[in-house]
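All of the numbers you see were taken from the coordinates with simple rules; none came from a lab. Everything numeric here is computed off the predicted structure, so don't read it as measured data. Note that each Cβ is placed from the backbone with ideal geometry, even for glycine, and that neighbours are counted across all protein chains shown.
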Amino acid sequence: MAITATMIAAVISIILAIVGSQTTRVNSFVGTISRGLASVLRNVPVIGWALILQFSFGQGMITGLLALLFGTTGYLTRAFIETIDGSSDSSVEALRASGANYLQVIRHAVLPSSLPQMMSWILYMIETNVRDATLVGILTGSGIGFLFELYYKGSYYNHASLIVIIIILVVIGIETLSNQIRRIIL
């Protein structure tokens, strides 16, 4: 659930960041809408999204997925906008001066200079979402959080403890892997 939400959010966030960035925005209205949407999605915590969506969809995996998706989209959009704005403007200006269209500027200047940092943000959000998925699962009745709650409420503390240990090991493993990947791409 955490990885799926992060990947979907990454695709949506790249699009929102491109139209919301000062460097690549289509116009100021669309840029303002993109930044505003990112702000709203980011400022409501994932647990808040889980509670809000639970009233609409009830308990279930879709509620947990959407809660992680909304929070992640807001966070990644903001991070990607900052990454694009911080990338080299000289290559963008050079392509525009040579007559490149909007998509060519994005493909040949913005994405190549921004992609390594974007990948780093995506890896960070996978780590964060794996941790958050446990709490979201407890609230929405899905995933490993649901199993933890089931064992804990049933007084199967040894099983609940095993789930906590598994979560810790998975988070440490993902963090180690993402740190190695970051070293390679950055």
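Numerical summary
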{"quantity": "Over the stretch 80-133 - Rg/Rh using Cα atoms and the Kirkwood inverse-distance radius", "calculated": "1.16"}
{"quantity": "With Cα atoms, 0 to 90° folded angle of helix 143-153 axis to the chain main axis", "calculated": "30 degrees"}
{"quantity": "Estimated [θ] at 222 nm from DSSP helical runs (n ≥ 4, -39500 (n - 2.57)) normalised by residues in the chain, nearest 500", "calculated": "-28000 deg cm²/dmol"}
{"quantity": "10 Å binning of all Cα-Cα separations within the chain, expressed as whole percents from 0 upward", "calculated": "10, 31, 30, 18, 8, 3, 0"}
{"quantity": "Among 164, 34, 53 - extreme Cα towards positive end, dipole of the chain, charges at beta-carbon", "calculated": "34"}
{"quantity": "Simple label model, 7 Å out from Cα along Cβ direction - residue 90 to residue 183, nm", "calculated": "3.1 nm"}
{"quantity": "Added length on full extension, which subtracts the Cα-Cα distance from 0.36 nm per residue, residue 47 to residue 108", "calculated": "18.1 nm"}
{"quantity": "Highest-first arrangement of 146-158, 62-74, 31-43, where packing means the average Cβ count within 10 Å", "calculated": "62-74, 31-43, 146-158"}
{"quantity": "Nearest 10 degrees, 0 to 90: helix 157-185 Cα axis against the chain principal axis", "calculated": "20 degrees"}
{"quantity": "Alpha-carbon centroid distance for the pair the stretch 64-93 / the stretch 149-186, whole angstrom", "calculated": "26 Å"}
